[in-house]
Amino acid sequence: MSTETSTAHVGRVSLGPFPPAAPSDPDAPHVLLARVDVDASAGQGPLTRVWESFGYDEINWTYTPTGKRLLRTFADFSGGGYHVRPHYVFCSGSGFGIPHWGSGNVYHEDADGHPYYDFTIVDQAYDAIVGAGHHVLVELGFTPRDLLPPEAAELTVTPSPTVYTSYEAGAWGYPPRDFDRWAGLIEAHARHCLERYGEAEVTAWLWELWNEPDISYWRGTPAQFNELYTVTARAVRNVIPNAKVGGPTVTSGGLNFLKGFLDYTSRRNEPLDFISYHTKGSRFPTREYRPLDSLPTEQLNPSSTKMLYDLRAFNRAIAEYEQYRDLPAIVDECDAAVPAHFGRYDNRNYEFQNTEYYPVFQVKLMKKILDLNAREIVQVKRATSWSFYFEGERYFEGTRSFLTAGGIEKPLLNAYRMLSLLGSERIRATSDVAWDVAELDETDGSSMPEEVDALASRADDGTVAVLVWRHIDDQYQTSEQETAVSLTVRNVAGGTFRVRHYRIDADHSNSHTRWKSLGSPQDPTGEQLAEITARQGLEKFEPASTVEAESGLLSLDISLPLPAASLLILEPIG
């Protein structure tokens, strides 16, 4: 183990000219006419399903009845195969989850100082993930209580009902006192997973060291982290030779930390199968302690432009290492705002996490990531939404989650339902009023303006799916006029098509709107709950219809409020 004990990190880097959150602009222009052109014969290769990953802090909520149902819900509409990344697997504790905390409680030492392991909690968590048809993105962290180094005693807190000891308050972020015992823990964990789930499953997993070591999650030095990576990767590979290992999971300020890590791994030829980092679109001044229904002090918003700028900067830095250019980038926290457990009662700017704004934002972001992939050397393979659910919430608390109280599905989940209906091959789709990722070259730090854009796909049976949206990063922008969209689909194979039209907006696929229309009840009756849940899934905008293609050409007209997303599925008949 390195003898360094300083908690100093390399300098953090603010990427681009972006503020912590984007201000609102009530005078921003609207887009009222749009032309979208799709060429069904212009294949652009397999559609990388970058969105098929989510994660969360509270590992102990994975295996609650609600957690297991949510995992199965994702599997039901997607066919499974998401990568799921929970925090705190090696933290010591009772297994009682609270927001932003959990414990796998694996590592222990007996009275004579000999290590032993208890996988009771881990088995429940991983069984729920794998049992639903998903794969684990194994976050190997953090330091168990019995492996704390002497310097962890320097972190002292006053115990309280919510901070039991300095361990829960962050002592788990110190490097393990004994790297050999850490290696033994990693090997035992990998061996247990191999025996329980089989080689085919665990080689589909991603094995990743720690989380955000460029900030307070890691209370050691970069050199200690790099050394721990060597120990960890070797331990995983000793048990599972074909395991996919990677890191370093830095925040968007951790570019220098990432470069130092890649200098280290490239110089030593350490095993590295993927490279991970994070981006967030905004950080609001939180916990304003105002009356519950007060407006925020300042109307602020996420910036998808900032997130895309982060991704491009990291991927270009990775591309400077020739041996790493073909490795996948895993953006295993890719979120519009932080932190996940803050909501509308902390700051009303978090309200967007309840509304139709957020699913349309997410659809837009995933498409722009694919556009970056088409232009850049290093490719994003997964863009993880750090979202799950929270126990003990009020209805529509506004946290970053797929469910609210009562197990009601929020509109955000319908973004993933829409994306799951896209086919296997991406085809060319253009809009005359779309924001282009090339504009990152000249960005002044502004967030993305209003646009209409589209993502299109083709399935093996000739079905064409077109996902088209109207969105602006400013959550406070409204428009009395809808945008008239002329959609042309050229070079389709077939003459007659059945058209299914799905919609997310204020009036469709939106449990939140229905809840508000009932008076925002915090103790809804059974009848009210039934009305709310009836509107929580992905809804058709209109009944299915048939259209005829003329010389391989289909023309459709739709109208989009702000914000809204429409998915049109054109299925050949006969």
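The values are calculated or read from the model by the stated rules, or taken from the named source; none is laboratory data. Not measured: the values here are computed from a predicted model. Neighbour counts are summed over all protein chains in view; Cβ atoms, including those assigned to glycine, are modelled from backbone coordinates with ideal geometry. When the accessible area is computed, the model is the full protein with side chains, heavy atoms only, and any ligands, DNA or RNA have been set aside. Shrake-Rupley method; radii C 1.70, N 1.55, O 1.52, S 1.80 Å.
Given the C-alpha atoms of the range 171-234, compute the convex hull and give its volume per residue in Å³.
Details: hull volume 5.7 nm³, N = 64.
Cα-based convex hull of the range 171-234, divided per residue, equals 89 Å³.
Where the centroid of each part is defined by its Cα atoms, how far is the range 418-493 from the range 351-368 in Å?
13 Å
Pop out the carbon and sulfur fraction of the accessible area of the range 16-148 as a percent, whole number, probe 1.4 Å.
53 percent
Computing the accessible area with a 1.4 Å probe over protein heavy atoms, can you report the carbon and sulfur percentage for the range 264-392?
Carbon with sulfur: 44 percent of the solvent-accessible area.
From largest to smallest, what semi-axes in whole angstrom does the range 55-201 give when each is the square root of 5 times an eigenvalue of its alpha carbon gyration tensor?
Details: eigenvalues 159, 72, 25 Å².
Each semi-axis is √(5λ); the values are 28, 19, 11 Å.
What number comes out for the charge environment of F396, summing +1 per Lys or Arg and -1 per Asp or Glu over other residues with Cβ under 12 Å away? Could the numbers behind the result be given before it?
Values: positive: R344, R394, K410, R514, K516; negative: E351, E393, E397, E409.
Within the 12 Å Cβ shell, the charges total +1.
How far apart, in nm, are two points set 7 Å out from the Cα along the Cα-to-Cβ line at A544 and at R191?
5.4 nm
Any chance you could list the semi-axes, whole Å, largest first, of the equivalent ellipsoid that the Cα gyration tensor gives for the range 341-468, using √(5λ)?
Taking √(5λ) for each Cα gyration eigenvalue gives 29, 20, 13 Å.
Rg to Rh ratio, the range 166-284, alpha-carbon atoms and Kirkwood radius?
Result for the range 166-284 is an Rg/Rh of 0.98.
In Å², what does the accessible area per residue of the chain work out to with a 1.4 Å probe?
Numbers: 21640 Å² over 574 residues.
Accessible surface, normalised per residue, equals 38 Å².
What does the charge add up to near R196, with Lys and Arg as +1, Asp and Glu as -1, over the other residues with Cβ less than 12 Å from its Cβ?
-4
When the helix-only estimate is applied to the chain (DSSP H runs of n ≥ 4, each -39,500 (n - 2.57), divided by the residue count), what is the mean residue ellipticity at 222 nm, nearest 500 deg cm²/dmol?
-7500 deg cm²/dmol
In nm, give the distance between the simple-model label positions of L553 and D444, each being 7 Å from the Cα along the Cα-to-Cβ direction.
Computed distance between label sites L553 and D444 equals 4.0 nm.
At a threshold of 8 angstrom on Cα-Cα distance, excluding pairs fewer than six apart, so keeping six or more, what relative contact order does the chain reach in percent?
On the way: 1312 pairs, mean separation 106.0, N = 574.
Result for the chain is 18 percent.
Return the distance in nm (one decimal) between the two label points of a simple spin-label model at R12 and D460, each offset 7 Å from Cα along Cα→Cβ.
Placing both labels 7 Å beyond Cα along the Cβ direction yields 4.8 nm.
In nm², what is the average projected area of the convex hull enclosing the Cα atoms of the range 408-531? Don't jump to the answer; show the numbers that get you there.
Working: hull surface 45.2 nm².
If you wrap the Cα atoms of the range 408-531 in a convex hull and average its projections, you get 11.3 nm².
Which of the trypsin sites (Lys or Arg not before Pro) across the range 191-225 are loop residues per DSSP, with 15 or fewer other Cβ within 10 Å?
Here no loop site has a sparse enough neighbourhood.
Rounded to whole Å, give me the distance from the Cα center of the range 160-213 to that of the range 21-84.
28 Å
Give me the extension gain from N491 to R394: residue separation times 0.36 nm, minus the current Cα-Cα distance, reported in nm with one decimal.
29.9 nm
State the percentage of accessible surface on the range 455-565 attributable to carbon and sulfur atoms; use a 1.4 Å probe and exclude ligands, DNA and RNA.
Heavy-atom surface of the range 455-565 belonging to carbon and sulfur, 1.4 Å probe: 45 percent.
At each listed q (0.11, 0.19 Å⁻¹), what is the log10 of I(q)/I(0) that the Debye formula gives for the range 231-376 modelled as equal alpha-carbon point scatterers?
-0.54, -1.09
Output needed: percent of Cα pairs per 10 Å distance bin for the range 1-115, bins running from 0 to the one holding the longest distance.
9, 17, 22, 28, 16, 6, 2, 0
Percent antiparallel among DSSP beta bridges with both residues in the chain, to the nearest 5?
60 percent
Please find the FRET efficiency linking S520 to T478, where r is the Cβ-Cβ separation and R0 is fixed at 30 Å, and quote it to the nearest 0.05.
The pair S520/T478 has a calculated efficiency of 0.95.
Local charge sum around D127 (other residues, Cβ-Cβ under 13 Å, Lys/Arg +1, Asp/Glu -1)?
Surrounding charge for D127 is +1.
Using the Kirkwood formula over every pair of different C-alpha atoms, what hydrodynamic radius in Å results for the chain?
Evaluated on the chain, it is 24.7 Å.
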